[in-house]
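The values are calculated or read from the model by the stated rules, or taken from the named source; none is laboratory data. Everything numeric in this text was worked out from a predicted model, so none of it was measured. Every residue, glycine among them, receives a Cβ derived from its backbone with ideal geometry; neighbour counts consider all protein chains shown.
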Amino acid sequence: MRFLTHRVFERQSKKLSHTLRDKMWERIAVLSVEEFNPLLNNHKLGHPYQEYRSINITGDYRLVYRRIDASTLYLRAVGTHHQLYGS
């Protein structure tokens with residue numbers, strides 16, 4: 001699996017604790033193998049991320065991504081629900 005990253009994702013992921021960053025990569029590994037695993041709570045997003053999907057990293061942390069093709073994921077943003085969606 002190949003990952004392309006947005007600069008916002010890179011900045012946000014650097015601010016995560018090591019524990020949370022490890023958890024994020026564990027969830028991305030699950031996403032790579034089984035995109036709709038119930039553990040991920042994978043769902044479509046609305047404005048401003050209409051073409052993106054979200055998965056749960058922890059109870060409040062989310063990862064916003066888009067599948068480019070069968071072997072490429074574009075990682076757009078990571079953060080708390082409030083940080084990403086404002087509510």
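Residue-wise test of (1) in contact with a Leu (Cβ under 7 Å, 6 or more places away or on another chain); (2) on the phi > 0 side of the Ramachandran plot; (3) not aromatic (Phe, Trp, Tyr).
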| position | (1), (2), (3) |
| --- | --- |
| Asn41 | no, yes, yes |
| Tyr49 | no, no, no |
| Ser54 | yes, no, yes |
| Arg67 | yes, no, yes |
| Tyr74 | yes, no, no |
| Ala77 | yes, no, yes |
| Gln83 | no, no, yes |
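Within the stretch 40-87, the set of residues being charged (D, E, K, R) and exposed (fewer than 11 other Cβ atoms within 10 Å of the Cβ) comprises Lys44, Glu51, Asp69. Counting only residues that are over 9 Å from the mean Cα position of the chain (by Cα) and β-branched (Val, Ile, Thr), which one in the stretch 41-70 is farthest from Met1 (Cα to Cα)? Out of the qualifying residues, it is Thr58.
Just to confirm my filter: which strands (runs of 3 or more DSSP E) fall fully inside the chain and include at least 2 residues that are at pLDDT 95 or above and among the aliphatic types (A, V, I, L, M)? Reasoning before the result, please.
Numbers: elements: 2-5, 53-56, 61-69, 72-80.
Per the criteria, 61-69, 72-80.
Output yes when any residue across the stretch 29-38 is closer than 13 Å to Val78 by Cβ and not hydroxyl-bearing (Ser, Thr, Tyr), and no when none is. Within the stretch 29-38 (the criterion being closer than 13 Å to Val78 by Cβ and not hydroxyl-bearing (Ser, Thr, Tyr)), the answer is yes, since at least one residue qualifies.
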